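Data block below; observations after.
Please treat every number below as a calculation from the coordinates, not as lab data. Small disclaimer: the values here were computed from a predicted structure and weren't measured. Cβ coordinates were reconstructed from backbone atoms using ideal geometry, including for glycine residues, and neighbour counts include every protein chain displayed.
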Amino acid sequence: MVRATLAGPEFTLAWTHSVEKTQWEETYRIDGNRLMLVTARVEGSGAGMEPPPGAQLRDGRWTWQPQSAHPELRLTRSTFTRDYTLCANGRCADLGERIGATAEGEVVTVRVCEAGGIAGK
């Protein structure tokens, strides 16, 4: 079941790390039928979120360009962290607002849809 779609070639996901309580952001671009991770940003390091070699500290965030492709993203919604924020086409909203209420622990799958945008379900 598709709960939401976004038009456009790019979007950003942001969330707060459940242990470190720092923000993590990843920007994806649609590349054919894959989601290409083009930029990652994190406030600080620790608990599995160490920036890789070559990352640069910009405006208080470690920033790097992973350039990895994914057929889909699987996002687990949890009460341990605030909801994911999804930004696309100049608008940011919590994932729950975009797709509707979901149960704790539910996995939301994000993938490219046939029209060239992304779909979350």
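For Asp83, Asp31, the sequence from fewest to most other C-beta atoms within 10 Å is Asp31, Asp83.
Suppose R0 equals 22 Å; then what is the FRET efficiency for Arg58 and Glu97 from their Cβ-Cβ distance, rounded to the nearest 0.05? It comes to 0.15.
Legend: calculated FRET efficiency, Asn89 to Ala69, from the Cβ-Cβ distance at R0 = 30 Å, rounded to 0.05, equals 0.85. Once the C-beta distance of Thr109 and Lys21 is scaled by a Förster radius of 35 Å, the resulting FRET efficiency is 0.85 to the nearest 0.05.
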